[in-house]
Amino acid sequence: GQNIDQPTEMTATEGAIVQINCTYQTSGFNGLFWYQQHAGEAPTFLSYNVLDGLEEKGRFSSFLSRSKGYSYLLLKELQMKDSASYLCAALNSNYQLIWGAGTKLIIKP
Amino acid sequence: IAGITQAPTSQILAAGRRMTLRCTQDMRHNAMYWYRQDLGLGLRLIHYSNTAGTTGKGEVPDGYSVSRANTDDFPLTLASAVPSQTSVYFCASSDTDSKTQYFGPGTRLLVL
């Protein structure tokens with residue numbers, strides 16, 4: 001079967017660093033996406049990894065290990081506006097996205 | 001308009017009624033998608049279209065139908081709504097090369 005696992009909820013402190021993990025099992029693999037979704041809003045694209053390694057984009061970085069079926073999203077210098085759900089999604093061999101249930105990130109002052 | 005629009009923003013519907021959710025994009029993307037999002041579950045694909053004139057079934061297609069008469073529009077129809085179709089519905093689009101999906105603002109549907 002196809003499956004994406006990520007923690008349901010995480011809490012972090014403003015100014016700190018947090019890492020959100022994601023493991024995936026899909027029929028074929030064509031890349032791993034991370035999206036941010038604020039409450040009551042649509043998901044918005046954060047990052048895409050298809051090769052192993054770390055991709056850095058400002059305060060956000062995303063890592064992929066294809067051999068381990070593993071990715072993480074790293075958020076640095078956390079701000080209150082980073083409070084949101086973070087969705088992990090893997091692109092399978094049919095180029096369809098398989099989505100995790102999302103990780104709700106709570107930022108405390 | 002810029003991006004993807006959806007209508008209506010929200011709707012309360014009596015069970016058994018027919019309803020069409022509208023989705024329009026102006027990015028000239030080939031592919032379009034309909035998802036539903038329920039609490040505690042990931043986004044689930046209902047139907048998709050890789051290009052105008054073609055459609056395909058996703059993970060949860062039962063009770064829904066779609067059409068893709070042109071590049072811009074991708075309406076989703078509930079033929080006879082049931083309470084289990086209460087959900088938030090998102091339309092998305094992507095171009096052929098990047099595969100990155102861009103989402104509309106969503107339609108919140110309550111079926112009573």
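The values are calculated or read from the model by the stated rules, or taken from the named source; none is laboratory data. Since this is a predicted model, take the numbers as computed values, not measurements. Neighbour counts run over all protein chains shown; Cβ positions are idealised from the backbone, glycine included. Calculation scope for accessible area: heavy atoms of the full protein, side chains included, ligands and nucleic acids excluded. Shrake-Rupley method; radii C 1.70, N 1.55, O 1.52, S 1.80 Å.
General observations
- Cα centroid separation - the stretch A:1-44 against the stretch A:52-109, whole Å: 4
- Under the convention that each Lys and Arg Cβ holds +1 and each Asp and Glu Cβ holds -1, the size of the dipole of chain B around its Cα centre is about 260 debye.
- Overall, the ratio between the Cα radius of gyration of the stretch B:4-64 and 2.2 N^0.38 Å, rounded to two decimals, is 1.23.
- Charge-dipole axis of chain B as Lys and Arg at +1 and Asp and Glu at -1 on Cβ define it, positive-most pick from B:GLN25, B:GLN6, B:SER80: B:SER80
- Quarter of Cα convex hull surface for chain B, i.e. mean projection, nm²: 6.5
- Here the stretch B:51-112 is treated with +1 on each Lys and Arg Cβ and -1 on each Asp and Glu Cβ, and its dipole about the Cα centre works out to around 160 debye.
- 18 Å Cα-Cα threshold exceeded, pairs from A:LYS76/B:LYS99; A:LYS81/A:LYS108; A:LYS81/A:LYS104; A:LYS76/A:LYS104: A:LYS76/B:LYS99
- For chain B, the solvent-accessible area works out to 47 Å² per residue, with a probe of 1.4 Å and every protein chain left in place.
- Counting only other chain Cβ atoms within 10 Å of each residue's Cβ, the peptide A:91-102 averages 5.
- Per residue, the convex hull spanned by the alpha carbons of the protein assembly as shown comes to 124 Å³.
- When the inverse distances between all different Cα atoms of the stretch B:34-100 are averaged and flipped, the Kirkwood radius reads 12.7 angstrom.
- Taking amide H as placed 1.01 Å from N in the peptide plane, B:HIS47 has its amide H under 5 Å from the amide H of B:TRP34, B:GLY58, each at least 5 places away in sequence or on another chain.
- Accessible surface buried once B binds A (1.4 Å probe; total of both sides; Å²): 1300
- A simple charge model with +1 on the Cβ of Lys and Arg, -1 on the Cβ of Asp and Glu and nothing else charged puts the dipole of the protein assembly as shown at about 360 debye relative to its Cα centre.
- Virtual paramagnetic centre 7 Å along Cα→Cβ of B:LYS99, amide N under 17 Å, in the stretch A:32-49: A:32-35, A:45-49
- When a 1.4 Å probe is rolled over the protein heavy atoms, the share of accessible surface on the stretch A:1-86 that falls to carbon and sulfur comes to 48 percent.
- Quarter of the Cα convex hull surface for chain A, i.e. its orientation-mean projected area (nm²): 6.4
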